[in-house]
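The values are calculated or read from the model by the stated rules, or taken from the named source; none is laboratory data. Just so it is clear, the structure is predicted and the values come from calculations on it, not from any experiment. When we count neighbours, we look across all protein chains shown, and the Cβ atoms used for this are built from the backbone with ideal geometry, even at glycine. For accessibility, only protein heavy atoms count, side chains too; no ligands or nucleic acids. Shrake-Rupley method; radii C 1.70, N 1.55, O 1.52, S 1.80 Å.
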Amino acid sequence: MSCVHDVLGIVKVYLTFCIEPNIRARNSSMEVPDASQLFEDTSGAGQGSQTGYKAQTGDQAAGFPGFSDPMSNLAMAYGSSLATQGKELMDKNLDRFIPISKLKYYFAVDTVYVGKKLGLLIFPYMHENWEVSYQQDIPVAPRFDVNAPDLYIPTMGFITYILVAGLALGTQNKFSPELLGVQASSAFVWLVMEVLAVLLSLYLVTVNTDLTTIDLLAFAGYKYVGMIVGVVSGLLFGRPAYYLSLLWCCAAIFVFMIRTLRLKLLSEAAAEGKLVRGTRNQLRMYLTMAIAAAQPVFMYFLTFHLVR
């Protein structure tokens, strides 16, 4: 028995001093080295993935505008070329029907020109030189020549005429948006019909003139100045004042149109004051007088119902 106890003691001592230290060393190598660090350090792997992500995003971003990808630069250049060609095509086709560049000339006015032109339309009897000034075969802008036609006064005159007509209808207790629209539409339609009739007459008479459609529209629109004067006078001072002022303005616009259009429609000899001879020149003279005589008719027709 004593021998057995001796053997058990030796085995216990062996386990205590040999085997247990190895087990403790093995367990300590499996534990976390730093107790304060709760998660595994993956900074190295994260940096590697971030580097790959940056490289991937850099390759993707190269396809967007602003980067140095040749294909994107080519696409941008092609798109810009298409946009430029489209704009030029639109401007070219638009200019065929609405000459935007020419319209700028007719609105090149200033306050001095407007004042002088209004005075010329109301009192044209003392004006002597009716020729339009030219600079290198191009007519000067209206603000430099009171004889040059413009569209500013006709446009403002048409708008003012509609406003004054609304005021006149209001004084008669007849104002309504529909009636004002009818007034504006009828005035515009008569203006267009007048210009078309003049164009047709010029074509039938075969007159070679530098008058354009815009010029005819400007000359036809000058009558709105006299119409406004007549209606305002009638609203302020009664119907007799309307007739007197309208009569004055009708005579003024007749003289203005005769002296202006004779330089455009008649021959150079007629423009210099010489006797007009020949059938064609007589037709031109009759056409000039007909255009001038039509202005008082339109002025009365578009205003007589506005004053009671």
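On the given criteria, is A270 at pLDDT below 85, farther than 27 Å from F175 by Cα and out of contact with any Leu (no Cβ under 8 Å at 6 or more places or on another chain)? Spelling it out, A270 is indeed at pLDDT below 85, farther than 27 Å from F175 by Cα and out of contact with any Leu (no Cβ under 8 Å at 6 or more places or on another chain).
To keep it simple, each residue is scored yes or no on (1) open to solvent by 80 Å² or more (accessible area, probe 1.4 Å); (2) in a helix (DSSP H, G or I).
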site	(1), (2)
T160	no, yes
A165	no, yes
L169	no, yes
F175	yes, no
G181	no, yes
A184	no, yes
S201	no, yes
L204	yes, yes
N208	yes, no
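Contact map, the range 294-308: residues that are at pLDDT below 95 paired with residues that are open to solvent by 10 Å² or more (accessible area, probe 1.4 Å) and not in a helix (DSSP H, G or I), Cβ distance under 8 Å, separation 6+ or inter-chain. Pairs shown: R308/Q172. For the range 122-152, the set of residues classified as part of a helix (DSSP H, G or I) and open to solvent by 10 Å² or more (accessible area, probe 1.4 Å) consists of I122, R143, F144, Y152, listed by residue number. Of note, Y78 satisfies the criterion of being modelled with pLDDT under 90 and open to solvent by 30 Å² or more (accessible area, probe 1.4 Å). Residues in the range 210-249 that are in a loop (DSSP other than H, G, I, E, B) and either closer than 15 Å to T155 by Cβ or open to solvent by 40 Å² or more (accessible area, probe 1.4 Å) (or both): 3 in all. Got a number for residues in the range 98-134 being without any contact (Cβ under 8 Å) to a residue 12 or more places away in the chain and of a type outside the set (A, V, I, L, M, F, W, C)? The qualifying residues number 7. For the range 165-198, the set of residues classified as free of Cβ contacts under 8 Å to residues at least 12 places away in the same chain and of a type in the set (A, V, I, L, M) consists of L179, V182, V189, V192, M193, L196, A197, listed by residue number.
Table: residues versus (1) in contact with a Lys or Arg (Cβ under 8 Å, 6 or more places away or on another chain); (2) under 18 Å from Q295 (Cβ atoms).
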{"residue": "A148", "(1), (2)": "no, no"}
{"residue": "I162", "(1), (2)": "no, no"}
{"residue": "G181", "(1), (2)": "no, no"}
{"residue": "V189", "(1), (2)": "no, yes"}
{"residue": "V195", "(1), (2)": "no, yes"}
{"residue": "T206", "(1), (2)": "yes, no"}
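Only one of the numbered conditions (1) among the β-branched types (V, I, T); (2) under 25 Å from L306 (Cβ atoms); (3) over 26 Å from the mean Cα position of the chain (by Cα) is not met by I162, and that is (3).
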